[in-house]
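A short write-up of the structure that comes next.
The values are calculated or read from the model by the stated rules, or taken from the named source; none is laboratory data. Just so we're clear, the structure is a prediction, and the values are computed from it rather than from any experiment. All Cβ positions, even for glycine, are placed from backbone atoms using ideal geometry, and neighbour counts span all protein chains on display. We work out accessible area using only protein heavy atoms, side chains counted, and drop any ligands, DNA or RNA first. Shrake-Rupley method; radii C 1.70, N 1.55, O 1.52, S 1.80 Å.
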Amino acid sequence: MRVVLGHFCSGVTVITSIDDGGPVGFTCQSFSSLSLDPPLVSFSPARTSTTWPRIRSVGTFAINVLAAHQDALSDGFARSGADKFAGVAWKVGLVGAPLLQGAVAWAECRLWAEYDGGDHTIVAAEVLGLEANPAAAPLAFFQGRYHLINPPPGGPTTAAEEFGRDERKTGSPAEWDRTSRRSRSPQPGEEVASAESQGSTQSLSKGR
């Protein structure tokens, strides 16, 4: 099943929040838009995830859609037992969750509902704020590898070939503020998979 469904190309996200222990996050491939009215998105952490319960207890979080150069971030947030935010540039967003510098887009959310998804939990999240970085290209995941969207003819086709597995190329804080755009959906009352693997790029479907 994993081999066949690995032929479905997807983006990669990192779900982040801040609890009493500090910033937390995990890599999640199983993310999608769910509803426009009300504005909802969905993602699916593994039931074995130790990070999702911490984020759930906060109730608000950010979904960071990773850019082509951020494969090292994806790997880092997919590992357990380490300081995932070490050396990572981020700022606090609208709902108090970390927004990772250099990402393609950010959705700031609060928990809407959870449903049984077998060995995963299906999370529906209400979107409270959105940002996009029009200058960035997305990181794609296909057949167990990171890929580039529309690579130049004769050039590298995977993120590893283009950037190197351990290299983190991000813009400066000034570029981060200049290239990102924020929009807000109405607030209520005024009124918007998982993946911590063990660092393996063969699957982004096990939460930690």
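In the frame of its principal axes, region 82-142 has Cα extents of 36, 29, 27 Å, reported largest first. For region 1-89, a simple Cβ point-charge model (Lys and Arg +1, Asp and Glu -1, everything else neutral) yields a dipole of about 260 debye relative to the Cα centre. Comparing Cα centroids, region 53-101 and region 1-51 end up 11 angstrom apart.
Considering only protein heavy atoms, with the full assembly of protein chains and a 1.4 angstrom probe, order 139, 130 by accessible area, largest first. Numbers along the way, then the final one.
Working: 139 0, 130 75 Å².
Descending accessible area places them as 130, 139.
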